[in-house]
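The values are calculated or read from the model by the stated rules, or taken from the named source; none is laboratory data. Source: prediction; values computed, not measured. Neighbour counts are summed over all protein chains in view; Cβ atoms, including those assigned to glycine, are modelled from backbone coordinates with ideal geometry.
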Amino acid sequence: MTNLAIRKNLELSAGWDWIKSAFYIFREYPTQFIILSILNLLVSFMPLFGAFMTPLFTARFAYIAQMAENGGQIQISTLFKDFFANITLVRLGFLGFSLNAIFLVGQYLLQLYFKQHGITINISEVALNLIFLSPLMILGVAMWLAPIICLNYPEIRPVTAMGLSLKVGLYNVTTFLLYLLLAIAFTLLALLPVGLGLFVWFPVMYITSYYVYKTTIYIRN
């Protein structure tokens, strides 16, 4: 099995470099990336089904970005060619679906238990929501780069890919926090012209995952 390693302590400027690189790729095929991002957004709002499809879309963005970077010609039909061909990616999608389902059911049962037994928790509603959302946030980091790892190394198990993705975030916390601040700032700027900037920013943001993967994951000799 391929032995992958993670680059640690990335430079603080890495987040800006990811965004710049993603924008340059977006400019090559804006129509294709906009279509892909709109479909990704629509699917992501579907409960559970979105959890299954999102990893596949993440991998597709990386696949198209890699093709564009290597000078490949991308047609509209390329966006969905062999979309479900990678079995490892499909398994990762089912794993994401299952974990989200378990979390949602567990959250519902816990709230139902509290209600039936009249249990009150002396904790603010915001803090309680953070407790419930924390597992989803961790899952989100684990699923961030896992689809791209599975795309390029289908022999790696989905759980292993998720572990690698989570480690990337843990080993480069400061860099990712600064990237997150940049992402928030660009989202706010994209909202200014009646939200039209989101048609550029969302595809760019999705493409950055490819460059995060490219600069953090490598084969250990």
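Which of the helices (runs of 4 or more DSSP H) found entirely inside the range 1-98 contain at least 1 residues meeting this: surrounded by fewer than 17 Cβ atoms within 10 Å (Cβ to Cβ), within 19 Å of the chain's Cα centre (by Cα) and of a type in the set (Ser, Thr, Tyr)?
Numbers: elements: 14-28, 30-44, 49-69.
The helices (runs of 4 or more DSSP H) meeting that bar are 30-44.
Looking for whichever is over 25 Å from residue 205 (Cα atoms) and either among the hydroxyl-bearing types (Ser, Thr, Tyr) or at pLDDT 85 or above (or both) here; the options are 108, 153. Which one fits? So that I can check it myself, show each step before the final result.
On the way: 153 fails: over 25 Å from residue 205 (Cα atoms).
One residue alone meets the criteria, 108.
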(message) Given (1) at pLDDT below 90; (2) closer than 30 Å to residue 104 by Cα; (3) out of contact with any helix residue (DSSP H, G or I) (no Cβ under 6 Å at 6 or more places or on another chain), identify the lone condition not met by residue 39.
(response) (1)
(message) I'd like to verify a number: residues in the range 173-182 that are buried (at least 18 other Cβ atoms within 10 Å of the Cβ) and under 16 Å from the mean Cα position of the chain (by Cα), how many?
(response) 2
